[in-house]
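Visitor: Next up is a structure, given as structure tokens.
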Amino acid sequence: MSYFKHHVFFCTNQRDDGAKCCGASGGQAMRDYAKKKIKALDMNGEGKCRINSAGCMDRCSEGPLLVVYPEEVWYTFIDEQDIDEIIEEHLQHGRVVERLLLK
């Protein structure tokens with residue numbers, strides 16, 4: 001059994017060459033928002049959810065993005081409303097948010 005029910009990795013990679021990257025597309029800000037929201041909902045800690053930063057996930061042109069484990073579900077997002085929807089639908093209710101899904 002896993003220590004966390006869900007482990008969410010946000011790509012926060014920042015490229016020095018000016019190329020498209022998740023860090024420049026709001027990855028860090030949305031990771032910070034998700035971490036605060038998960039904590040406010042008392043969804044953090046053992047048996048619950050962990051929000052983490054990740055380096056480059058090699059899908060830069062599709063970002064910003066995050067991946068939810070153990071389901072291995074990849075999402076893109078634009079704003080806090082998208083993050084709220086992922087938290088409510090996927091992390092709380094176990095339903096994949098199809099409109100944000102990366103395949």
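Visitor: Which of the numbered conditions does Trp74 fail, given that it passes all the others? Conditions: (1) of a type in the set (Phe, Trp, Tyr); (2) in a loop (DSSP other than H, G, I, E, B); (3) in contact with a strand residue (DSSP E or B) (Cβ under 7 Å, 6 or more places away or on another chain); (4) open to solvent by 50 Å² or more (accessible area, probe 1.4 Å).
Guide: For Trp74, the exception is condition (2).
Visitor: Right, here's the next one. Could you tell me whether region 3-13 includes any residue that is more than 19 Å from Leu100 (Cα to Cα), in a loop (DSSP other than H, G, I, E, B) and in contact with a Leu (Cβ under 9 Å, 6 or more places away or on another chain)?
Guide: The answer is yes, given that some residue of region 3-13 is more than 19 Å from Leu100 (Cα to Cα), in a loop (DSSP other than H, G, I, E, B) and in contact with a Leu (Cβ under 9 Å, 6 or more places away or on another chain).
Visitor: Okay, next question. Only one of these conditions is not met by Ser53: (1) assigned to a helix (DSSP H, G or I); (2) surrounded by 15 or more Cβ atoms within 10 Å (Cβ to Cβ); (3) not aliphatic (A, V, I, L, M). Which number is it?
Guide: Ser53 satisfies all of (1) assigned to a helix (DSSP H, G or I); (2) surrounded by 15 or more Cβ atoms within 10 Å (Cβ to Cβ); (3) not aliphatic (A, V, I, L, M) except (1).
Visitor: Can I ask one more? Within region 14-39, track down each residue that is hydrophobic (A, V, I, L, M, F, W, C), more than 20 Å from His90 (Cβ to Cβ) and touching a Phe, Trp or Tyr at 6+ places or on another chain (Cβ under 8 Å).
Guide: Answer for region 14-39, where residues must be hydrophobic (A, V, I, L, M, F, W, C), more than 20 Å from His90 (Cβ to Cβ) and touching a Phe, Trp or Tyr at 6+ places or on another chain (Cβ under 8 Å): there is none.
Visitor: Quick one: Lys35 ticks every box in (1) surrounded by 18 or more Cβ atoms within 10 Å (Cβ to Cβ); (2) over 17 Å from Ser2 (Cβ atoms); (3) touching a residue at least 40 places away in the same chain (Cβ under 8 Å) except a single one, so which number is it?
Guide: Result: Lys35 fails condition (3) only.
Visitor: Also, quick follow-up: Restricting attention to region 42-85, and to residues there that are more than 11 Å from the chain's Cα centre (by Cα) and basic (Lys, Arg), which single residue is modelled with the lowest pLDDT?
Guide: Step by step, filter region 42-85, then rank; the result is Arg59.
Visitor: Sticking with this one: What pairs come up if the first residue lies in region 40-53 and is of a type in the set (A, V, I, L, M), the second is in a helix (DSSP H, G or I) and surrounded by 15 or more Cβ atoms within 10 Å (Cβ to Cβ), and their beta carbons are under 6 Å apart, counting only those six or more places apart or on different chains?
Guide: From region 40-53, the pairs are Ile51/Ala34; Ile51/Lys35; Ile51/Ile38.
The values are calculated or read from the model by the stated rules, or taken from the named source; none is laboratory data. Keep in mind that this is a model prediction, so the values were computed, not measured. Methodologically, a virtual Cβ is constructed for each residue, glycine included, from the backbone with ideal geometry; neighbour enumeration extends over all protein chains shown. Ligands, DNA and RNA are excluded from the accessible area calculation, which covers all protein heavy atoms including side chains. Shrake-Rupley method; radii C 1.70, N 1.55, O 1.52, S 1.80 Å.
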